[in-house]
1. Given the criterion open to solvent by less than 30 Å² (accessible area, probe 1.4 Å), without any contact (Cβ under 8 Å) to a residue 60 or more places away in the chain and touching a helix residue (DSSP H, G or I) at 6+ places or on another chain (Cβ under 7 Å), identify the matching residue among Ala110, Ala134.
2. What's the number of the condition Arg93 fails, among (1) among the basic types (Lys, Arg); (2) in contact (Cβ under 8 Å) with a residue 24 or more places away in the chain; (3) over 23 Å from Leu263 (Cα atoms)?
3. Return the pair list, or none, for Cβ contacts closer than 9 Å from residues in the stretch 211-233 that are within 20 Å of Cys107 (Cβ to Cβ) to residues that are open to solvent by less than 10 Å² (accessible area, probe 1.4 Å) and in a loop (DSSP other than H, G, I, E, B), at least 6 apart or on different chains.
4. Please work out which residue is farthest from Phe271 (Cα to Cα), limiting yourself to the stretch 145-199 and to residues that are hydroxyl-bearing (Ser, Thr, Tyr) and touching a Phe, Trp or Tyr at 6+ places or on another chain (Cβ under 7 Å).
5. Kindly indicate which of Gly100, Gly76, Gly148 is out of contact with any Gly (no Cβ under 7 Å at 6 or more places or on another chain) and touching a residue at least 24 places away in the same chain (Cβ under 8 Å).
6. Ser266 - would you say it is closer than 30 Å to Val4 by Cβ and either part of a helix (DSSP H, G or I) or open to solvent by 50 Å² or more (accessible area, probe 1.4 Å) (or both)?
7. Only one residue in Ser3, Ser18, Ser9, Ser72 is modelled with pLDDT under 85, assigned to a helix (DSSP H, G or I) and of a type in the set (S, T, N, Q), so which one is that?
8. Would you mind finding the one in Phe206, Phe237, Phe197 that is surrounded by fewer than 20 Cβ atoms within 10 Å (Cβ to Cβ), touching a Ser or Thr at 6+ places or on another chain (Cβ under 9 Å) and under 18 Å from Leu255 (Cα atoms)?
Amino acid sequence: MSSVPDLHSEDENRSSPSETNRLKPSRAQLAVIAFVLAAVCGLLYFFIAPILGLIWTLLHMNEALFQPTKYSLLVGAYVAAFFLISKKWDMFRRRHFTLGIAAQFFCVAAQTSIFSFCVNYILENDPGVTRLQASKWLGAIGFGLFMGGRLCGSALISQFKPERVLTAYAGVSVALVAVTMGGGKAGLYAMFGTFFFMSVMFPTIFALGIRGLGEYTKLGSSLIVMSIVGGAIAAPFVGHIADMYSMRTGFVVPLVCFVLIALYGSTWARFSRLDSLPGPR
């Protein structure tokens, strides 16, 4: 019911409108797009298919239609995504944006993994702690540090370039998760430390990803937000590794995520500069 102002952002791309309209992916780029989308759809299939099967069973729908419907949805999603990327190539060719989608995927993957298994990690490292106590530590210490980190991070970003703050925070998070994997009291303290340093990542990646998209700002922002599906995909991997080895070993997943986020932060300025140049890339 509210009157929400339209969202606009200055387009930093220096290509002329006529040149922008003619931009289309090359054959090699189309092949890469097809391969990447096939990999993404294949990964999502293993998570979405069981959920779809559960919904099918709960609604008592015709089992004979389940397989055709499942594969039709998968193929439909693949084709729709392929044509969207091809049609909006002027947006997707901007590497600071496309890599921003990936960085946000890994950001939420790391956050959800640590949030979800914090209690399990505490119980594994300190058997004398009850599950109730561990959950209270998560709420009071973990999310207290998360809120403090968000406030401090916002203050830092007002004084320093956001991509540098992101790189520094992600780098510290890598070191803390590495200590976390070692276990013990130091590992427990380090695990809680990650709450502070990962707090500022989501809004920073979002802002960096949509920087200079111009008319594509609304579509681009929605795609970056949709990448939070990373949280749904990463957590089961952490749980599987914990079941096979140990809870602290499962933290290798957020470790890898933070490494990739640090790489995005450290390369963002160069990619943003290249993306503002006219002509195909």
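1. On the way: Ala110 fails: without any contact (Cβ under 8 Å) to a residue 60 or more places away in the chain.
So the residue among Ala110, Ala134 that is open to solvent by less than 30 Å² (accessible area, probe 1.4 Å), without any contact (Cβ under 8 Å) to a residue 60 or more places away in the chain and touching a helix residue (DSSP H, G or I) at 6+ places or on another chain (Cβ under 7 Å) is Ala134.
2. The single condition Arg93 does not satisfy is (3).
3. Leu213/Arg94; Gly220/Arg94
4. Going through the qualifying residues, I end up with Thr180.
5. Numbers: Gly100 fails: out of contact with any Gly (no Cβ under 7 Å at 6 or more places or on another chain); Gly76 fails: touching a residue at least 24 places away in the same chain (Cβ under 8 Å).
Criteria check complete, one pass: Gly148.
6. In short, no.
7. Numbers: Ser3 fails: assigned to a helix (DSSP H, G or I); Ser9 fails: assigned to a helix (DSSP H, G or I); Ser72 fails: modelled with pLDDT under 85.
Exactly one residue qualifies, and that residue is Ser18.
8. Numbers: Phe206 fails: under 18 Å from Leu255 (Cα atoms); Phe197 fails: surrounded by fewer than 20 Cβ atoms within 10 Å (Cβ to Cβ).
After ruling out the rest, the residue left standing is Phe237.
The values are calculated or read from the model by the stated rules, or taken from the named source; none is laboratory data. Keep in mind that this is a model prediction, so the values were computed, not measured. Glycine also receives a Cβ, built like all others from the backbone with ideal geometry; neighbour counts cover every protein chain displayed. Keep in mind that these areas ignore ligands, DNA and RNA; they rest on the heavy atoms of the full protein, side chains included. Shrake-Rupley method; radii C 1.70, N 1.55, O 1.52, S 1.80 Å.
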